[in-house]
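Some notes on the structure that comes next.
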Amino acid sequence: MTATASIRPFHVIPGGTIKTILAGLRQASIDIVAQTYLTHERGETVNPDSYFLRFPDEPANRIIALPAAIVDREGEQSVSGIKWIASYPDNIHSGIPRASAVLVLNDPHTGYPYALLEGALISAVRTAASAVLGAWWLNGQRRHATRLAIVGGGVIARNILEMFMADDWSFQQVGVHDLSPQSAQALATFGEQLGLPSVELQSLEQAMSADIVVFATSAGTPYVTARDTFQPGQVVLNISLRDIGEEIVAQSYNYFDDVSHCLKANTSAHLAEQKYGHRDFVTGTIGEVIRGDQQVARDKPLIYSPFGMGILDLALGRKVHDMAVEEGTAVLIPSFFGEERRW
């Protein structure tokens, strides 16, 4: 810290404000995610392991800490911080979202926090942007597929479907599958409201045959395990990470946002590593594809498994913060720090 360093004003940005800003940032968020992946490939990020707070008597519930930093060596875009996100699957039975979160942004020069943002909306949008970005690169850089299927009818699925439409994708048919008929119908109705030409409820088997298959569930263990489930050229967006069996992983091309992050916590890829004792099934990262270091082949199924790095939340959260402050919708908290002078 230099002698001229000062403490930045502290702002709180509530979910209503964030929702409004993100509505106009859908397509831009894909570019933000892509640039952040490239920043990560250049080694200009710090993204340690996520930390899981678990409860022995409630194994389905968890709260996850994702500390991270983006290092801009040539400009003023550095930021550090942490996302603190809870996942309580039974929330849906009460009609409230499974996940809730806050995002803290820290000044890279002083370390002082300067913003607290509602984090679940940011997390959902950056997840959807990552999914659609991966689909575009693995789908031959085309924004069209005959059939799209989404497994899981929750908030993440809704955001992914909305992100596809914001990015000008077209589909002749969209299938929806969820164990809850009510959730499946809600997502199908939402798709119709977006203007999709044909949205229908499907069995899991029907959904597995789509050109692009999206997994957005809260599954803890694989349930799609038949070796020949997916065909060469099919694009599988493994967003929830634990739906697919090890044999499917082993017979596919596998792309990640970060390999070491995704091969943890009993994800499908981690289970494959444990079963086979190697990582030969790893093809590369989406960042390598964007840079041109990886050429996408189509003689096997293509699985994209983004673990969801904290740097994505920081990049999008910083953009939302700056816009909210500029337009005057961020809530300034005067004297948030009890002492702002050392003496």
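The values are calculated or read from the model by the stated rules, or taken from the named source; none is laboratory data. Computed from a predicted model, the values in this text were never measured in an experiment. Please note: Cβ atoms are built from the backbone with ideal geometry, for glycine as well, and neighbour counts cover all protein chains shown.
Which of the residues belonging to segment 325-343 are under 29 Å from the mean Cα position of the chain (by Cα) and either closer than 30 Å to ASN47 by Cα or assigned to a loop (DSSP other than H, G, I, E, B) (or both)?
The answer is VAL325, GLU326, GLY328, THR329, ALA330, VAL331, LEU332.
Checking the condition surrounded by fewer than 18 Cβ atoms within 10 Å (Cβ to Cβ) and either over 26 Å from ARG143 (Cβ atoms) or of a type in the set (A, V, I, L, M, F, W, C) (or both), which residue from PRO181, PRO197, PRO232, PRO222 passes?
From the options PRO181, PRO197, PRO232, PRO222, the qualifying one is PRO181.
Search segment 118-143 for residues being part of a loop (DSSP other than H, G, I, E, B) and in contact with a strand residue (DSSP E or B) (Cβ under 8 Å, 6 or more places away or on another chain), and hand back the single one that is surrounded by the fewest Cβ atoms within 10 Å (Cβ to Cβ).
Checked segment 118-143; the qualifying residue surrounded by the fewest Cβ atoms within 10 Å (Cβ to Cβ) is ARG143.
Residue check: is ASP90 at pLDDT below 95 and under 22 Å from SER183 (Cβ atoms)? Walk me through how you get there before you give the answer.
Values: at pLDDT below 95: yes; under 22 Å from SER183 (Cβ atoms): yes.
Judged against the criteria, ASP90 is a match.
Considering each residue of segment 263-290, count those that are closer than 21 Å to GLN35 by Cα and modelled with pLDDT under 95, and give that number.
Going through segment 263-290 one residue at a time, the tally reaches 0.
Identify all residues within segment 224-253 that are under 22 Å from ALA128 (Cβ atoms) and without any contact (Cβ under 8 Å) to a residue 60 or more places away in the chain; write none if there are none.
The answer is VAL224, ARG242, ILE244.
Which one of these is of a type in the set (Asp, Glu), in a loop (DSSP other than H, G, I, E, B), out of contact with any Leu (no Cβ under 9 Å at 6 or more places or on another chain) and at pLDDT 95 or above: ASP322, ASP293?
ASP293
Go through segment 144-208 and tell me which helices (runs of 4 or more DSSP H), entirely inside it, have 1 or more residues that are among the polar types (S, T, N, Q) and touching a strand residue (DSSP E or B) at 6+ places or on another chain (Cβ under 9 Å). Don't jump to the end; show me each part of the working.
Values: elements: 155-166, 181-193, 204-207.
Fully inside segment 144-208 and qualifying: 181-193, 204-207.
If the requirement is being out of contact with any strand residue (DSSP E or B) (no Cβ under 9 Å at 6 or more places or on another chain), assigned to a strand (DSSP E or B) and outside the structural domain of HIS261 (by TED's automatic domain parsing), which of these qualifies: PRO59, PRO67?
Values: PRO67 fails: out of contact with any strand residue (DSSP E or B) (no Cβ under 9 Å at 6 or more places or on another chain).
Result of the check over PRO59, PRO67: PRO59.
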